[in-house]
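Some notes on the structure that comes next.
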Amino acid sequence: MPRKHILLAGIATVVLLIGGGWAWVSSHVERGPIVIKFSHVVAPDTAKGRAVEYFKQLAEQRSHGRVKVLVYPNSQLYKDKEELEALQLGSVQMLAPSLAKFAPLGVKEFEAFDLPYLFDDYDAVHRVTQDRVGKLLFNRLEAKGIKGLAYWDNGFKHFSTNTPVRNPADLKGLRIRIQSSKVLDEEVRALGALPQVLAFADVYPALQAGVVDGTELEASNFYTSQAYRVQKYLTLTGHGYLGYAVIVNKGFWDGLPSDVRNILEGALRDATVYENQIARQQNDAALAAVRAAGTTTVYQPTPAERAAFKQALLPVHTRMADRIGRDLLQQIYQDTGFRAAR
Ligand code: LMR
């Protein structure tokens with residue numbers, strides 16, 4: 001073979017080797033980090049806000065920079081309803097909405113968590129979320145293009161208003177902001193009050209403008225949303241639970257390299273332990289801060305007043321049983337040990 005041809009063949013071989021090598025490299029190595037946009041609607045200084053930051057830190061460290069988590073708190077990107085749509089479209093990859101916000105997706109069984117006085121304490125909640133019902137609810141999300149990864153606590157909600165509330169009758173006729181849950185709508189109506197669905201980002205402006213008279217929030221959101229500046233009374237009814245589901249766009253999750261998915265699962269497991277450890281103390285600290293601020297009178301109902309709230313609100317279970325599903329509700333009652341007569 002003439003020397004010129006040998007040279008050309010040599011160059012072609014080198015080009016092919018480099019090209020093949022590059023094809024191998026590009027199919028085995030991500031170009032730039034995998035970006036996870038994690039959007040949420042509350043302040044960074046809440047149990048949810050802090051746990052999202054912790055998840056980010058663990059995911060980025062343990063993946064050695066292969067994953068980048070961009071956190072958007074305080075509805076910076078989307079409000080309650082929009083963030084779920086954005087997740088389905090893939091505009092964000094992860095969220096942690098409250099369990100009260102899943103019905104608009106067509107999974108109304110999540111509203112079971114909104115039933116008044118269903119849970120005595122966090123342990124009762126965990127017996128539901130960590131077992132068959134928790135798994136079943138996450139399975140229902142898959143058909144919506146969403147994967148449920150973890151349950152996170154917040155705490156127990158209390159009514160806030162600008163007039164003193166000691167008994168159910170004191171709420172009569174008041175406009176109370178609720179999340180977009182039919183169970184919460186029924187709960188507020190059972191008290192003779194008027195439910196108003198508002199996104200979390202709109203709570204403070206609506207209270208300030210007098211568009212609504214009151215809320216049902218747990219202490220940490222009551223404090224960090226600044227609602228305490230524009231609400232004169234907080235009555236510690238503890239009448240309902242507020243918790244979250246950490247969810248991810250299913251197509252995105254299934255498409256991740258399996259080693260990256262393992263790292264993220266581990267990071268989320270640890271962030272979940274952390275979140276559930278700090279949820280109660282965040283609420284206790286927020287309540288202390290509300291008391292210290294002095295703008296809101298915090299009232300602890302007597303046992304008789306608490307019993308009156310229970311009596312007014314427990315019929316909501318029966319009215320909403322068909323919506324939630326009677327079998328599912330029975331399973332939840334078994335797990336929690338709920339007895340209507342207590
Ligand atoms: C609310 O809308 O009151 C809560 O769900 C906000 C949150 O995410 O804690």
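What the pair-distance distribution of segment 181-235 shows, using all Cα-Cα distances binned every 10 Å from zero, is 23, 56, 21 percent. Near the amide H of W152, within less than 5 Å, lie the amide hydrogens of Y244, A245, V246, all on another chain or at least 5 residues away, with H placed in the peptide plane. Note on the chain: with charges restricted to the Cβ of Lys and Arg (+1) and Asp and Glu (-1), its dipole about the Cα centre is near 540 debye.
Return one whole number: the accessible area per residue of the chain in Å², for a 1.4 Å probe. List each step's numbers first, then the result.
Details: 15530 Å² over 342 residues.
Ligands and nucleic acids excluded, the figure is 45 Å² per residue.
The angle separating the long axis of helix 303-313 from the principal Cα axis of greatest extent in the chain is about 70 degrees. Which of the pairs K48/K182; K250/K310; K37/K232 have their Cα atoms more than 32 Å apart in this structure? Pairs exceeding the cut-off: K250/K310; K37/K232.
May I ask for the percentage of alpha-carbon pairs in the chain that lie more than 39 Å from each other?
Numbers: 12648 of 58311 pairs.
For the chain, the share of Cα pairs beyond 39 Å comes to 22 percent.
Give me the log10 of I(q) over I(0) for segment 267-328 at q = 0.12, 0.16 Å⁻¹, as the Debye formula computes it from C-alpha points; what are the numbers? Once normalised to I(0) and log-transformed, intensities are -0.66, -0.92. Across q = 0.15, 0.26 Å⁻¹, segment 211-252 modelled as identical point scatterers on its alpha-carbon atoms has Debye log10 I(q)/I(0) values of -0.50, -1.00, in the order of the q list.
Seen against the Cα atoms of the chain and their longest principal axis, helix 258-293 is set at about 30 degrees. Across segment 94-100, coupling constants 3J(HN,Hα) worked out from phi with the 6.51/-1.76/1.60 Karplus curve, θ = phi - 60°, read 9, 9, 9, x, 6, 5, 7 Hz, and Gly and Pro carry x.
Amide H contacts of E218 (H built 1.01 Å from N, in plane; Pro and chain starts excluded): H158 sit under 5 Å, all sequence-distant by 5 or more or on other chains.
Taking only protein heavy atoms and a 1.4 Å probe, the accessible area of the chain is 54% carbon and sulfur.
Along segment 161-173 the Karplus relation, 6.51 cos²θ - 1.76 cosθ + 1.60 evaluated at θ = phi - 60°, assigns HN-Hα couplings of 7, 10, 10, x, 10, 10, 10, x, 4, 5, 8, 3, x Hz to successive residues, with x for each Gly and Pro. With N as its number of residues, segment 227-342 has a Cα radius of gyration that, divided by 2.2 N^0.38 Å, comes to 1.50. For the chain, the longest principal axis of the C-alpha atoms and the axis of helix 3-28 are separated by about 10°. Near the amide H of I146, within less than 5 Å, lie the amide hydrogens of K250, all on another chain or at least 5 residues away, with H placed in the peptide plane. Kirkwood's formula applied to the C-alpha pairs of segment 130-186 gives a hydrodynamic radius of 14.9 angstrom. Using only Cα coordinates, the Kirkwood hydrodynamic radius of segment 109-265 works out to 17.1 Å. When the helices of the chain are scored as -39500 (n - 2.57) per DSSP H run of n ≥ 4 and the total is divided over every residue, the value at 222 nm lands at -15500 deg cm²/dmol. Residues considered: G32, G155, G243. Largest GNM mean-square fluctuation over the chain, using C-alpha springs under 10 Å, is found at G32.
What's the whole-number percent of alpha carbon pairs in segment 180-273 lying beyond 16 angstrom? List each step's numbers first, then the result.
Values: 2960 of 4371 pairs.
Value for segment 180-273: 68 percent of Cα pairs lie more than 16 Å apart.
The values are calculated or read from the model by the stated rules, or taken from the named source; none is laboratory data. No experiment lies behind these values; they were computed from the predicted model shown. Here the Cβ is made from the backbone with ideal geometry for all residues, glycine too, and neighbour counts use every protein chain on show. Only protein heavy atoms, including side chains, enter the accessible area calculation; ligands, DNA and RNA are left aside. Shrake-Rupley method; radii C 1.70, N 1.55, O 1.52, S 1.80 Å.
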